[in-house]
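Novice: Below are the structure tokens for one structure; questions will follow.
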Amino acid sequence: MYFGADIPAAKAIFSSAVIALAALAALISHTFRPVMAVWVGLTALCAFAIFQASMGWMDTAAPEFAALAAAGCIWLIAFRSASQPDAGARLWRASLTAGVLIGIWAFADFTLGPRTGSMPRLSAGFLSANTAATFFGVIALMGLCELLGQIRRSVGSWAAFNRHVTGLALSLVAVLVPVTCLVLTASRGGILFGALSAFALAGWHVLAWTRQGGVSQRSAGLGVAGLVAVLVIAGLVWTVSGELAATRFGQSIDNNARAEMFAVYWNAVALAPLAGHGLGSFAFTNDLLTTSQTVRSLGTTNAAHNVFLQWLLQAGWTGALVMWAAVVWLISRVAQGFSVRRRQRGYLRAVICISAFVILHGLTDFALEVPGVMWWWAWVLGIGAGVAAAGRSRHAPSQTAGGAGPVFSRFAFVLAAACVAGLAGWQGQMRVEANLAHTLTPEAMHAVAQQGSLPPSAYLRDAYAARAIEPDIADLEFAGRATRAAIEREPRLVAAWNRLVWLDLAEHGQLTDAGQAALAQSFYLAPYGERNMLRWRLQIAASAWDQLTELNRRGIRLQLGAQAIRDRRWLHRFSSETSGGLRTEIETVLARGS
């Protein structure tokens, strides 16, 4: 699904489609009613959105809010669908089938397609092997749940085995395929936590069977069969596909880098402890926090590799506590089913073990930041809650009636969902236009420049400005106007501040006070930044070293130190191409590190 929808434009557009689907489902289904928690969650999202809009962060945060709203809608659709009698099992198997088909495609793509790098790992289109590990770990646990259920039904007599042999074979395939994909991701955390969760699920099933029927020969047989099934599957997959994973397990884990990252991010929480730095702001925050001591570990990372720490950074303690409370509530909805369900308890156990796996792997990865993975977990939690509710509905049907005014509640949800879907789609459209702005013809850009106002999107304004400075257009007046307008909506856009520096040089032939201020702001927002930005700053310094203020010279010296760490060869070549004061600074840095 387009890299798990882990791109702002895709995130907003797919979220809009999902939310619109939920609105349609509520409109046409008389039994589709939002639970009270949906309104509580929507109120919390609106409160955070209003706050972040007041801070000027909404253009960055909007796709994140849309993805969270879509996750809630996915949970609600799964919950209401699975709460119908026996619908939970059908939804579970249909979802498992879809996951297995994705696994077959991912395996074929990995084994038959061209590989790059010295140690290629299966990523299944997520662009991250660790994210793929979370996804396939969930599918594998869903398949194991189905396999354990088939084992229980088939053990006891040859007649029972013959009746369920097809189901056993299909369930075995539903475990082998995702487990193979999981091993091929070579994700150490994914494999370890997946194995622990699988053994926990198998053991829980065996204990439940023993309690239900007493310690009997059949219970012992089921226990042995379940344990043997897990061990055989693990051994078979590891033998066939485990070479890459074994190689990575044999390598030393860079705990120092991770510990350094976590320490920096934990300390950064204190900078904005209540409400964080804004959803979707990790790249800005990471740039701001990078120092000469942490440039190796933080300089190239795009996530905190700990979803809970990343939530603290982005939403502060207020948002993190709300999110954790939501997760606890969602899991408790599943656990409540144990008190009212006599059948299909295996699905409830599986959902809880899957949740434990996702949460544990979230301590070392960022998969839950990827909407595709988050939405799949929300779907599984919704099925589990629906299975639990199906048991409660037999005892107390009035609990699913939605309280007073069910019709009003349903249509209010339709209206709210339609509004959110429209806003998300609008944001997604502007993000798509920003991504395609570099393809605009000079005539199209001239038409944009002649418009009285610019679109209400910092990223689209910034994209227009970037296109306007290209040689075939070279409309520097419009580029400056669009850049400043982009900064008004999102003041953390480092590229926009850098463009103001370039425009100042292009217009005046030297850096004026305005250009110096823009460069200083660029250094403040990203003391080091990514490699291309770092080199661009050095090239700017080479052309205007004598004009730089002492503050900006200090920033350039930091850049030189970082570049000496990242690429000394490039810095040597650059030194030979420059002269004057900057060359002296470069030679000093190179001599210090030799």
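Novice: Just to check I understand the Karplus step: with θ = phi - 60° and J = 6.51 cos²θ - 1.76 cosθ + 1.60, what whole-Hz values come out for the stretch 303-312, glycine and proline as x?
Specialist: Values, residue by residue: 7, 7, 6, 7, 5, 6, 5, 5, 5, 4 Hz.
Novice: To the nearest 0.05, how large is the calculated FRET efficiency for Arg573 and Thr291 if R₀ is 30 Å and r is the Cβ-Cβ distance?
Specialist: The computed FRET efficiency comes out at 0.70.
Novice: Another question, if that's okay. Using alpha carbons only, how many degrees (0 to 90, rounded to 10) separate the axis of helix 129-154 from the longest principal axis of the chain?
Specialist: Around 0 degrees separate the two axes.
Novice: Okay, next question. Using a 1.4 Å probe over the heavy atoms of the protein chains, calculate the carbon and sulfur portion of the accessible area of the stretch 400-491 as a whole percent.
Specialist: Percent of accessible area from carbon and sulfur atoms in the stretch 400-491: 64.
Novice: Shifting gears a bit: Give me the percent of accessible area attributable to carbon and sulfur for the stretch 27-122, probe 1.4 angstrom.
Specialist: The computed percentage sits at 70.
Novice: A follow-up question, please. Quick check on the stretch 520-594: take the gyration tensor over C-alpha atoms, sort the square-rooted eigenvalues as a ≥ b ≥ c, and tell me if it's rounded (a/c under 1.5), prolate or oblate.
Specialist: oblate
Novice: If you don't mind, another one. Quick check: pseudo-label points 7 Å beyond the Cα along Cα→Cβ at His446 and Ala200, how many nm apart are they?
Specialist: That separation, rounded to one decimal, is 6.5 nm.
Novice: Let me check something: with ligands and nucleic acids excluded, how do Trp324, Trp92 order by accessible area (1.4 Å probe), largest to smallest?
Specialist: Per-residue accessible area, sorted high to low, gives Trp324, Trp92.
Novice: Let me know the charge dipole size of the chain about its Cα centre in debye, to the nearest 20, where only the beta-carbon of Lys, Arg (+1) and Asp, Glu (-1) is charged.
Specialist: 2740 debye
Novice: Specify which residue in the list Gln84, Ala20, Ile74 is farthest towards the positive end of the charge dipole of the stretch 1-97, using unit charges on the beta carbon of Lys, Arg (+1) and Asp, Glu (-1), about the Cα centre.
Specialist: So the residue furthest toward the plus end is Gln84.
Novice: Specify whether the C-alpha gyration tensor of the stretch 1-125 places it in the rounded, prolate or oblate class, a ≥ b ≥ c being the square roots of the eigenvalues: rounded for a/c under 1.5, otherwise prolate if a/b is larger than b/c and oblate if not.
Specialist: Judged from the Cα gyration tensor, the stretch 1-125 comes out oblate (a/c at least 1.5, b/c at or above a/b).
Novice: Which of rounded, prolate, oblate describes the stretch 16-57, given a ≥ b ≥ c as roots of the alpha-carbon gyration tensor eigenvalues and a/c under 1.5 marking rounded, otherwise prolate only if a/b is larger than b/c?
Specialist: Because a/c hits 1.5 or more and a/b fails to exceed b/c, the stretch 16-57 counts as oblate.
Novice: Nothing charged except the Cβ atoms of Lys and Arg (+1) and of Asp and Glu (-1): what's the magnitude of the dipole of the stretch 511-594 about its Cα centre? Round to the nearest 20 debye.
Specialist: So the dipole magnitude of the stretch 511-594 works out to roughly 360 debye.
Novice: Please list the three semi-axes, largest first and in whole Å, of the ellipsoid equivalent to the stretch 476-545, using sqrt of 5 times the eigenvalues of its alpha carbon gyration tensor.
Specialist: The answer is 17, 16, 10 Å, longest axis first.
Novice: Roughly speaking, to the nearest percent, how much of the stretch 521-594's 1.4 Å accessible area is carbon and sulfur?
Specialist: With neighbouring chains kept in place, the figure for the stretch 521-594 is 48 percent.
Novice: Now, a different point. Across the stretch 472-487, in residue order, what do the Karplus-derived ³J(HN,Hα) couplings come to in whole Hz, using 6.51 cos²θ - 1.76 cosθ + 1.60 with θ = phi - 60° and x for Gly and Pro?
Specialist: Working through the residues one at a time gives 6, 10, 6, 8, 6, 5, 5, 4, x, 5, 5, 5, 5, 5, 5, 5 Hz.
Novice: Taking only protein heavy atoms into account and a 1.4 Å probe, give the accessible area per residue of the chain in Å².
Specialist: 45 Å²
Novice: If you don't mind, there's one more thing I want to ask. Give the long-range amide H neighbours of Arg121: residues separated by 5 or more places, or on another chain, with amide H under 5 Å away, using H modelled in the peptide plane at 1.01 Å from N.
Specialist: none
Novice: Taking the Cα centre of the chain as the origin and placing charges on Cβ (Lys, Arg +1; Asp, Glu -1), which of Ala62, Gly581, Ser171 is farthest toward the positive end of the dipole?
Specialist: Value: Ser171.
Novice: Taking +1 at the Cβ of each Lys and Arg and -1 at the Cβ of each Asp and Glu, which of Val387, His30, Val322 sits farthest along the dipole of the chain towards its positive end, judged by Cα position relative to the Cα centre?
Specialist: After comparing all options, I get Val387.
Novice: Further question on the same structure: For the stretch 584-591, just list the computed ³J(HN,Hα) in residue order, Karplus coefficients 6.51, -1.76 and 1.60, θ = phi - 60°, integers in Hz, with x standing in for Gly and Pro.
Specialist: 4, 4, 5, 4, 5, 5, 5, 5
Novice: Of [x] 1.68; [y] 1.00; [z] 1.03, which is the value of Rg/Rh (Cα atoms, Kirkwood Rh) derived from the coordinates here?
Specialist: Only one option fits the structure, namely [z].
The values are calculated or read from the model by the stated rules, or taken from the named source; none is laboratory data. Predicted model, so just to flag it, every value in this text is computed and none were measured. Methodologically, a virtual Cβ is constructed for each residue, glycine included, from the backbone with ideal geometry; neighbour enumeration extends over all protein chains shown. The area values use the complete protein model at the heavy-atom level, side chains included, leaving out ligands, DNA and RNA. Shrake-Rupley method; radii C 1.70, N 1.55, O 1.52, S 1.80 Å.
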